[in-house]
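Participant: Would you mind keeping the following structure in view while I ask a few things?
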Amino acid sequence: MKRWLILFACLLGLPAAAYAGDAHTVTSPAVPDATFHVDGALTALPALRFPIRDQTDAERRLFVETKDGTVARMLVLQFETVQPGSDFRFRFPPRPPRDFGPHVYRFGSYAYDDAIAAAREPALEAARTRAALQANGLQPPRYWHVVRLARVADADGRHEAIVFYLENADARYPDGLTDVDEDGDGRLPADETDRLWQALTQALEVRPAAVE
C-alpha cells in the first residue's frame, strides 16, 4: 500500500510532504535550515495555520500521546512568519541558552494553566490547540508542565521557530497552580525541568536541512 501511495503521488506530481508517511518529518519555509524528526510513538494531528493578531502568521504542528482519550503528553512545533506590511520583528537573544540540534535556543520551563489562557485569548494558540484536540476526540488537560525552546530563525527577524514539550499535570494541582511567577505560570523544580528536557530530546531530533 505504501509503495502504491508513493507511485500515485509521483504520477500526480505531488510534493513528498503530501505523502502521509512523512508526517513525523517536518519542514517549514519559515525555517529552511532545519528538519524536525518526531518520535513515531506520538500521533501527528492536522497542522493548524492562523494569524497571531496583525503581526505574524503561525503554522502549528501537534503530536500527541493519549491515555483513555486524554492527552498525556504533546509535542508542538510552531513556525511564525511576519505578515506582509507589518513592522513587527522577532528580537530576542537566546538567553538562557540551550543547544538543540544545530542551533541555540532560548530555553524555559513552567507549569501552565491552559484553560485560563484559552479563555483569555480565544483566537490564539491555547484556544486553537484545545479546540483542535477536542475536534479529534481528545480531552486536553487543564494544567501542563512545559519546556520551551525558541529562536529567531533569520537575521532580519521575520521568522521564529518554537518547540514545546508538554506533559499532563492535572493530578499535581488539585487546588490550582502554586508558586507562580510574574506571568502567572508555576515555577518548576530543577529536577522536573531536567526530566522534561530529557523527554524532549527523546521525542524530537533536529537536523540541518539537506542542501540540494
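The values are calculated or read from the model by the stated rules, or taken from the named source; none is laboratory data. Model, not experiment: these values are computed from the prediction. Because the Cβ atoms are built from the backbone with ideal geometry, glycine has one as well, and the counts that use them run over all protein chains shown. Just so you know, the surface numbers come from the protein's heavy atoms only, side chains and all, with ligands and any DNA or RNA stripped out. Shrake-Rupley method; radii C 1.70, N 1.55, O 1.52, S 1.80 Å.
Participant: So, by mean Cβ neighbours within 10 angstrom, what's the order for 50-56, 113-119 with the highest one leading?
Facilitator: 113-119, 50-56
Participant: Any chance you could get the radius of gyration and Dmax over the Cα atoms of segment 28-141, in Å?
Facilitator: In Å, with Rg to one decimal and Dmax whole: 15.3, 46.
Participant: Pairwise over distinct Cα atoms, reciprocal of the mean inverse distance: report the Kirkwood radius of segment 86-154 in Å, one decimal place.
Facilitator: 14.1
Participant: Taking R0 as 25 Å, what's the FRET efficiency between ARG207 and ALA72 from their Cβ-Cβ distance, rounded to 0.05?
Facilitator: My answer for the efficiency is 0.40.
Participant: For segment 97-212, what number results from the quotient of the Cα radius of gyration and 2.2 N^0.38 Å?
Facilitator: Taking the Cα Rg and dividing by 2.2 N^0.38 Å, one obtains 1.17.
Participant: Rounded to whole Å and sorted largest first, what semi-axes of the equivalent ellipsoid does the C-alpha gyration tensor of the chain yield via the square root of 5 times each eigenvalue?
Facilitator: The answer is 28, 22, 18 Å, longest axis first.
Participant: With just the Cα atoms of segment 122-189, tell me how far they stretch along each of the three principal axes, in Å, largest first.
Facilitator: 45, 33, 20
Participant: Would you mind calculating the relative contact order of the chain from Cα pairs under 8 angstrom and at least 6 residues apart, reporting the percent as a whole number?
Facilitator: Relative CO of the chain lands at 22 percent.
Participant: Enumerate the residues in segment 79-117 having an amide nitrogen under 19 Å from the point lying 7 Å beyond the Cα of GLN198 toward its Cβ.
Facilitator: Those under the cut-off are 99-101, 108-110.
Participant: I've got another one for you. Where in segment 142-212 are there trypsin sites (Lys or Arg not before Pro) that are in a DSSP coil and have at most 15 other Cβ atoms within 10 angstrom of their Cβ?
Facilitator: Listed in order of number, the matching sites are ARG187.
Participant: Next question, about the same structure. Report ASP156's accessible area, 1.4 Å probe, all protein chains in place, as a number in Å² to the nearest 10.
Facilitator: Roll a 1.4 Å probe over it and ASP156 shows about 90 Å².
Participant: Estimate the FRET efficiency between ALA171 and THR43 by the formula 1/(1 + (r/R0)^6), using the beta-carbon distance for r and 22 Å for R0, to the nearest 0.05.
Facilitator: About 0.50, to the nearest 0.05.
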